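Here is the structure we will look at.
The values are calculated or read from the model by the stated rules, or taken from the named source; none is laboratory data. None of the values given here were measured: they were computed from a predicted structure. Don't worry about glycine lacking a Cβ; one is built from the backbone with ideal geometry, like all the others, and counts go over all protein chains shown.
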Amino acid sequence: MKYLKTFEEKSKGQEIIYTFKTKAKSGKYDYTIHILQGKPKYDETNGYSYNGLVISIDSTPGSWYISTFLHYTPDSKYKNTIHINGNDWVVTNGREIAEELEDWLKYQYPVYKDVKKYNL
């Protein structure tokens, strides 16, 4: 997978496009998830691209292009665990995150693309 950051500081200063209602769960902790505007240069996985948009889990090293997060392996959206940094950090509600992301892509991403296209 195209791994994007080592520490949270790498995402600071990037435009936050969307903040998830779902929180990433790891043990007894919950973490906020954002969609950030990254650089589209390397954003393509198995023919999918979302113009550089990145899913990022705050306070963790977890950050991926949306295309990688959803389309790296065909069955990835059905897995409930997401391993970050080997087995050092595990998200246990991957399905919920993928479902909210897919809803955002279906209903809000087309509007976001139009706004960006016309610089509104």
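Looking only at the range 32-43, which residues are crowded, with 16+ Cβ neighbours inside 10 Å and either over 13 Å from the mean Cα position of the chain (by Cα) or assigned to a strand (DSSP E or B) (or both)? Result: ILE33, HIS34, ILE35, LEU36. Selection of the range 46-57 for residues being closer than 17 Å to TRP104 by Cβ and in a loop (DSSP other than H, G, I, E, B) yields SER49, TYR50, ASN51, GLY52. What about PRO74, is it closer than 20 Å to ASP43 by Cα and either modelled with pLDDT under 75 or part of a loop (DSSP other than H, G, I, E, B) (or both)? Criteria met by PRO74. Among the conditions (1) under 15 Å from GLU15 (Cα atoms); (2) of a type in the set (A, V, I, L, M, F, W, C); (3) within 11 Å of the chain's Cα centre (by Cα), the only one that VAL115 does not satisfy is (3).
Select from the range 1-31 the residues that are at pLDDT below 90 and closer than 15 Å to LYS116 by Cβ and write down the one among them that is surrounded by the fewest Cβ atoms within 10 Å (Cβ to Cβ). So, considering only residues that are at pLDDT below 90 and closer than 15 Å to LYS116 by Cβ, the one surrounded by the fewest Cβ atoms within 10 Å (Cβ to Cβ) is GLU15. Can you confirm whether the range 33-43 contains a residue that is at pLDDT below 90, over 24 Å from TYR112 (Cα atoms) and in contact with a strand residue (DSSP E or B) (Cβ under 9 Å, 6 or more places away or on another chain)? No; the residues of the range 33-43 include none that is at pLDDT below 90, over 24 Å from TYR112 (Cα atoms) and in contact with a strand residue (DSSP E or B) (Cβ under 9 Å, 6 or more places away or on another chain). Regarding the range 98-111, can at least one residue be identified that is touching a strand residue (DSSP E or B) at 6+ places or on another chain (Cβ under 6 Å), modelled with pLDDT under 95 and under 13 Å from ILE17 (Cα atoms)? No, the range 98-111 contains no residue that is touching a strand residue (DSSP E or B) at 6+ places or on another chain (Cβ under 6 Å), modelled with pLDDT under 95 and under 13 Å from ILE17 (Cα atoms). If you go through the range 44-57 and keep only what is over 24 Å from VAL91 (Cβ atoms) and surrounded by fewer than 15 Cβ atoms within 10 Å (Cβ to Cβ), you end up with just GLY47.
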